[in-house]
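Please treat every number below as a calculation from the coordinates, not as lab data. The shown structure was predicted, so the numbers you read here are calculated from the model rather than taken from an experiment. Note that each Cβ is placed from the backbone with ideal geometry, even for glycine, and that neighbours are counted across all protein chains shown.
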Amino acid sequence: MSDALTLAQQGWPAAFPAVTLAHYLFVSAAMFTVGLIGFLTRRNLIIMFLCTELMFQAAGIALVAFGRYHLDFSGQTFVIFILTVAAAEAAMALALVVLLFRKRETLSADEWTEMKG
């Protein structure tokens, strides 16, 4: 930790201005909003899946930006975990989409509202 402070005090890596942080956070918030709106309004399972991936990536951008702003690697570490969860979610979602498509020949979420056990 002291090495990071020493490097930061020497000017390397260069200071991350707050204006740039605000730009990254704005992009992250916009991506998350688009993903959330897409997830709530679209009824196609693949589109809903892609919107959740977009929200994961928006959270990753925010974490990396905050980590860089504070000269800390914890943001990048959390992004690795987010990518791992996203990969597991992608595998499960794709398998589920293929199974559901084989059952009813449609990917509309409205067709699956009355699932029976």
Review point. Considering segment 39-60 alone, what residues qualify as being more than 10 Å from the chain's Cα centre (by Cα) and either assigned to a loop (DSSP other than H, G, I, E, B) or more than 22 Å from Thr106 (Cα to Cα) (or both)?
Key: Arg42, Arg43
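For segment 31-57, which residues satisfy the criterion of being free of Cβ contacts under 8 Å to residues at least 24 places away in the same chain, of a type in the set (A, V, I, L, M) and either crowded, with 18+ Cβ neighbours inside 10 Å or touching a helix residue (DSSP H, G or I) at 6+ places or on another chain (Cβ under 6 Å) (or both)? Even if it seems obvious, please write down each step before you answer.
Restricting attention to segment 31-57, the residues satisfying the condition of being free of Cβ contacts under 8 Å to residues at least 24 places away in the same chain are 33-42, 47, 50-51, 54.
With the extra rule that they be of a type in the set (A, V, I, L, M), the set shrinks to 34, 36-37, 40, 47, 50, 54.
Correct list: Leu54 only.
Tell me which residues, restricted to segment 68-117, are charged (D, E, K, R) and assigned to a helix (DSSP H, G or I). Please lay out each step first, then the result.
First pass over segment 68-117, keeping only residues charged (D, E, K, R): 68, 72, 89, 102-105, 110-111, 114, 116.
Hits for segment 68-117 are Arg68, Glu89, Arg102, Lys103, Arg104, Asp110, Glu111.
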Check your understanding: Among the residues of segment 102-111 satisfying the criterion of being free of Cβ contacts under 8 Å to residues at least 60 places away in the same chain and under 19 Å from Phe39 (Cα atoms), which is surrounded by the most Cβ atoms within 10 Å (Cβ to Cβ)?
Key -> Glu111
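Out of Leu36, Leu25, Leu63, Leu21, I need the residue that is closer than 30 Å to Thr106 by Cβ and part of a helix (DSSP H, G or I). Which one? First the steps, then the outcome.
Values: Leu25 fails: closer than 30 Å to Thr106 by Cβ; Leu63 fails: closer than 30 Å to Thr106 by Cβ; Leu21 fails: closer than 30 Å to Thr106 by Cβ.
When all the criteria are applied, what remains is Leu36.
So which residues in segment 58-85 are within 22 Å of Leu40 (Cβ to Cβ) and surrounded by fewer than 17 Cβ atoms within 10 Å (Cβ to Cβ), if there are any at all? Even if it seems obvious, please write down each step before you answer.
Just the residues of segment 58-85 that are within 22 Å of Leu40 (Cβ to Cβ), to begin with: 58-62, 82, 85.
Listed by number, the residues that qualify are Ile82, Val85.
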